1. Any residue at all in the stretch 291-302 that's more than 30 Å from Gly77 (Cα to Cα) and either surrounded by fewer than 17 Cβ atoms within 10 Å (Cβ to Cβ) or in contact with a Leu (Cβ under 9 Å, 6 or more places away or on another chain) (or both)?
2. Search the stretch 298-312 for residues that are within 15 Å of Thr142 (Cα to Cα) and basic (Lys, Arg) and pair each with any residue that is part of a strand (DSSP E or B) and open to solvent by 20 Å² or more (accessible area, probe 1.4 Å) when their beta-carbon atoms are under 6 Å apart and the residues are at least 6 apart or on different chains.
3. Using beta carbons and a limit of 6 Å, which pairs, at least six apart or on different chains, have the first residue in the stretch 17-45 and over 27 Å from His94 (Cα atoms) and in a loop (DSSP other than H, G, I, E, B) and the second one open to solvent by 40 Å² or more (accessible area, probe 1.4 Å) and among the acidic types (Asp, Glu)?
4. Would it be correct to say that Gly249 is loosely packed, with under 15 Cβ neighbours inside 10 Å and either touching an Asp or Glu at 6+ places or on another chain (Cβ under 9 Å) or assigned to a helix (DSSP H, G or I) (or both)?
5. Looking at the stretch 128-141, which of the residues that are β-branched (Val, Ile, Thr) and open to solvent by 20 Å² or more (accessible area, probe 1.4 Å) is farthest from the chain's Cα centre (by Cα)?
6. Spot the failing condition for Asp239; the list is (1) in contact with a Gly (Cβ under 7 Å, 6 or more places away or on another chain); (2) in a strand (DSSP E or B); (3) touching a residue at least 24 places away in the same chain (Cβ under 8 Å); (4) not hydrophobic (A, V, I, L, M, F, W, C), and only one is missed.
7. When only residues in the stretch 280-290 that are part of a helix (DSSP H, G or I) and open to solvent by 30 Å² or more (accessible area, probe 1.4 Å) count, which is farthest from Trp254 (Cα to Cα)?
8. Wholly within the stretch 142-209, which strands (runs of 3 or more DSSP E) include no fewer than the required count, namely at least 3 residues that are out of contact with any helix residue (DSSP H, G or I) (no Cβ under 7 Å at 6 or more places or on another chain) and open to solvent by 10 Å² or more (accessible area, probe 1.4 Å)?
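The values are calculated or read from the model by the stated rules, or taken from the named source; none is laboratory data. Everything numeric here is computed off the predicted structure, so don't read it as measured data. Note that each Cβ is placed from the backbone with ideal geometry, even for glycine, and that neighbours are counted across all protein chains shown. Note: accessible area is taken over every heavy atom of the protein model, side chains too, but ligands, DNA and RNA are not part of it. Shrake-Rupley method; radii C 1.70, N 1.55, O 1.52, S 1.80 Å.
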Amino acid sequence: MTDPQTVPAPSGTQHSISYGEQHVTVTEVGAALREYTVGGRDVVVPFAADEVNPVFNGAVLLPWPNRLRDGRYEADGVSYSLPVTEPARGTALHGLAAWERWSLVDRTDVSVTLGLDVVPQPGYPFQLTAQITYALSDGGLTVTLTTTNVGTGTAPYGAGFHPWLSTGGADLDDCTVRLDAATRVTTDDRLLPVGTEPVAGAFDMREPVSMAGRDLDDAFIDVLRDDDGLAWIRLTGTDGRTAALWMDGSMDVWQACSGDHVGEGYRRMGLAAEPMTCYADAFVTGDRLVRLAPGDTHRARWGVALVGERRA
């Protein structure tokens with residue numbers, strides 16, 4: 001129980017790890033990546049320890065990422081209703097884990113593991129346990145999430161992550177982006193999916209392009225992978241450094257958001273580069289939905305690093 005004589009940080013206990021010039025802080029609340037710097041240069045957009053997480057910065061999104069239409073879905077013929085947490089669009093947004101207190105499982109100088117029990121509730125009567133590990137190495141930061149169904153029913157499930165790649169202090173318009181995907185998910189005015197189309201025009205970012213005037217809040221599929229099986233989003237600042245984020249074969253959806261329509265003070269603060277197992281409304285459409293049977297475990301893995309030489 002919190003000592004009533006003290007005022008805890010809104011994001012709870014801060015878990016810090018370091019490796020060489022790399023420094024990471026992960027929060028108790030939401031197991032969020034609050035900051036990641038290399039030599040003092042932000043790789044992701046940070047938020048302050050005494051600040052409520054402003055725009056899901058670094059959040060872990062489970063048991064669904066993105067939006068669920070009206071908070072309603074069916075599983076095995078039973079209808080469920082979740083709280084609408086995005087009233088303006090009438091959706092349940094970004095799952096159940098982002099505002100929960102995750103427990104410390106293990107910590108070393110270069111890694112930290114947090115755990116969460118997702119308890120059954122009326123809108124999601126499935127019982128999951130999750131562990132997430134943040135680990136630093138020569139290759140940057142690697143994040144691994146494992147989720148196990150410890151209940152008796154088959155659980156609909158999806159996972160995603162919400163880091164905002166940093167511009168390194170530059171205006172977003174002065175940065176370039178590359179996103180490895182060939183197909184865009186089209187949406188209605190609630191940002192819920194209605195179809196797909198090949199990337200073209202402003203949505204074709206398979207080669208580096210300017211972020212100037214580029215307004216994004218879109219999911220992308222048919223991701224392109226390198227020889228190691230990784231797909232990438234890269235944001236390069238005017239300092240010549242690139243915040244490069246990858247996901248392995250456990251995920252095959254990107255969500256990219258430029259923040260043009262978030263709250264004042266956070267617009268175009270960086271580029272949200274979100275690796276996900278599924279896109280919006282997967283509980284309804286079933287597209288890319290994971291069905292976790294009792295005892296099943298799902299693993300998702302991604303990472304981010306700062307690459308390139310600083311310009312003089």
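1. Applying the first criterion (more than 30 Å from Gly77 (Cα to Cα)) to the stretch 291-302 yields 301-302.
Imposing the further condition that a residue be either surrounded by fewer than 17 Cβ atoms within 10 Å (Cβ to Cβ) or in contact with a Leu (Cβ under 9 Å, 6 or more places away or on another chain) (or both) reduces the set to 301-302.
Within the stretch 291-302, one or more residues are more than 30 Å from Gly77 (Cα to Cα) and either surrounded by fewer than 17 Cβ atoms within 10 Å (Cβ to Cβ) or in contact with a Leu (Cβ under 9 Å, 6 or more places away or on another chain) (or both).
2. That search, which allows pairs on different chains as well, returns Arg299/Thr146; Arg301/Thr144.
3. Short answer, once both residue conditions are applied: Gly39/Glu21.
4. When the stated conditions are applied, Gly249 does not pass them.
5. Filtering the stretch 128-141 down to residues β-branched (Val, Ile, Thr) leaves 129, 132-133.
Adding the requirement that they be open to solvent by 20 Å² or more (accessible area, probe 1.4 Å) leaves 129, 133.
Values: Thr129: 18, Thr133: 14 Å.
Top of the filtered list is Thr129.
6. The failed condition is (2).
7. Val284
8. 181-187, 193-198
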